[in-house]
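The values are calculated or read from the model by the stated rules, or taken from the named source; none is laboratory data. Since this is a predicted model, take the numbers as computed values, not measurements. Note: ideal-geometry Cβ built from the backbone for every residue, glycine included; neighbour counts use all protein chains shown.
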Amino acid sequence: MQFADRLQNVETSAIRELFKLLGKPGIISFAGGFPDSALFDVEGIRAASQQALTDEPGAALQYGATEGYQPLREQIAAFMAGKGVTGLAPEQLIVTTGSQQALDLLGKTLISPGDKVIVEGPTFLATIQCFRLYGAELVSAPIDGQGVDTDALERLIVEHKPKFVYLIPTFGNPSGATLALERRRKVLELAVRHQVVVVEDDPYGDLYFGEAPPPSLLALSASVAGSRELLVHCGSLSKVLSPGLRVGWMIAPPELLAKATMCKQFSDAHTSTFAQATAAQYLKAGRMPATLDRVRAVYAERAQAMGDALRRDLGDAVQFVQPQGGLFVWARLTGAGGKATDGRALATRAIEQGVAFVPGTPFFCANPDHATLRLSFATVDSDKIREGVARLARAL
Ligand code: PMP
């Protein structure tokens, strides 16, 4: 069959290939990016969906506005206000089918073939693939434990004149890194100085284990004149409530929001009204704070178990920063003691030992660091985490 030229820019996901091997019985998987389904607030969601059918069955089951179900837009604006984003009108956001759709809409509305887009190295794999599908040439900005290196970012902006910069500033996927407060201000200043759009993808910001992370770029934009007009913020209920609901949102300047809404109309008309009405009822019922407390506590314990086990069993053969939130440990093989330094080879040996993880290579759009690994602690209990890390040590 003759496919569209744009498909030539995209390979099938290396992760998807790896997932085929996960069916092996008894395997302990650190490979997924899923939240733990055992943590879903099933009762709360059941009650919310029933309430949606009781209060407004017509609206919940009918076609709806492309921008989103108005009561949900109001609830999301209130949720964001609770996170320091003040003065956000419901009309300044649209509901998207997961934040993945927001990324796709950004591709559709902003990227012409050959346009440059700066992303972090490493970044979310589906973003790399989605932007490439629209013909973007991706430029990789280096990161460290404090998030993107803003000096390097400025040099890249000057050199490449990108259409926009895409960042996951808080508990990045896969890096787990969080952009330091001063660097957040610097990013907003760079946006204004160079008049470049910055996209903040923030599905993990609520999943912190101790202290809350610094305010989002969106919250901070109020204090950097001219930055709000250049900022796009993508949020999602996937990691905190349920990815199956497919409820996310995009906050963007009016002109961009209007174009994105037009594109969304052609792609899915609107996000499921039933899912939106359920999410609206859930937020309205005030259940979110308790849910967040519960999931944060479980992930915090698992992150600690994984960090402790890695330090104990792998010692100086790996380097990593203990995660303060999110779902991932991002580790680097050091080669100490003559041990392996290629995450891809180790992934294959690890499966033979009954443990899976994702090598870091595919998360880089350029110059991959093959010594990196992404380990998710989200769906495995602490005892299994310790066993999985022991198997990883054997594979190494
Ligand atoms: N952005 C990032 C950084 C992610 O890790 C994910 C999910 N893995 C998404 C966006 C998409 O999430 P969803 O569409 O479920 O909101």
Of the conditions (1) surrounded by fewer than 20 Cβ atoms within 10 Å (Cβ to Cβ); (2) within 16 Å of the ligand (Cβ to nearest atom); (3) of a type in the set (Val, Ile, Thr), Thr66 satisfies every one except a single condition; which number is it? (2)
Need the failing condition index for Val158 against (1) within 14 Å of the ligand (Cβ to nearest atom); (2) within 24 Å of Ser221 (Cβ to Cβ); (3) in a helix (DSSP H, G or I), just the number. (1)
Take Ser112 and tell me if it is under 30 Å from Ala390 (Cα atoms) and surrounded by fewer than 19 Cβ atoms within 10 Å (Cβ to Cβ). no
Regarding Gln146, is this residue touching a residue at least 12 places away in the same chain (Cβ under 8 Å) and either under 24 Å from Trp249 (Cβ atoms) or within 16 Å of the ligand (Cβ to nearest atom) (or both)? no
Quick check, is Val224 at pLDDT 95 or above, over 27 Å from Phe40 (Cβ atoms), surrounded by fewer than 23 Cβ atoms within 10 Å (Cβ to Cβ) and among the β-branched types (Val, Ile, Thr)? yes
Given the condition under 22 Å from the mean Cα position of the chain (by Cα), hydroxyl-bearing (Ser, Thr, Tyr), surrounded by fewer than 24 Cβ atoms within 10 Å (Cβ to Cβ) and more than 23 Å from Cys130 (Cα to Cα), answer yes or no: does some residue in segment 361-382 qualify? yes
Of the residues in segment 164-221, those that are of a type in the set (S, T, N, Q) and either within 14 Å of the ligand (Cβ to nearest atom) or modelled with pLDDT under 95 (or both) come to Thr170, Asn173, Ser175, Thr178, Ser216
Output the residues belonging to segment 149-161 that are basic (Lys, Arg) and in contact (Cβ under 8 Å) with a residue 40 or more places away in the chain. Lys161
If a residue counts only when it is small (Gly, Ala, Ser), which helices (runs of 4 or more DSSP H) contained entirely in segment 37-150 have at least 2 such residues? 42-55, 57-61, 70-81, 98-110
Residue that is nearest to the ligand (Cβ to nearest atom), among those in segment 123-139 that are over 23 Å from Ser376 (Cα atoms) and crowded, with 17+ Cβ neighbours inside 10 Å: Phe131
Elements of type helices (runs of 4 or more DSSP H) contained in segment 201-314, each with 2 or more residues being under 21 Å from Gly68 (Cβ atoms) and touching a Phe, Trp or Tyr at 6+ places or on another chain (Cβ under 9 Å): 273-284
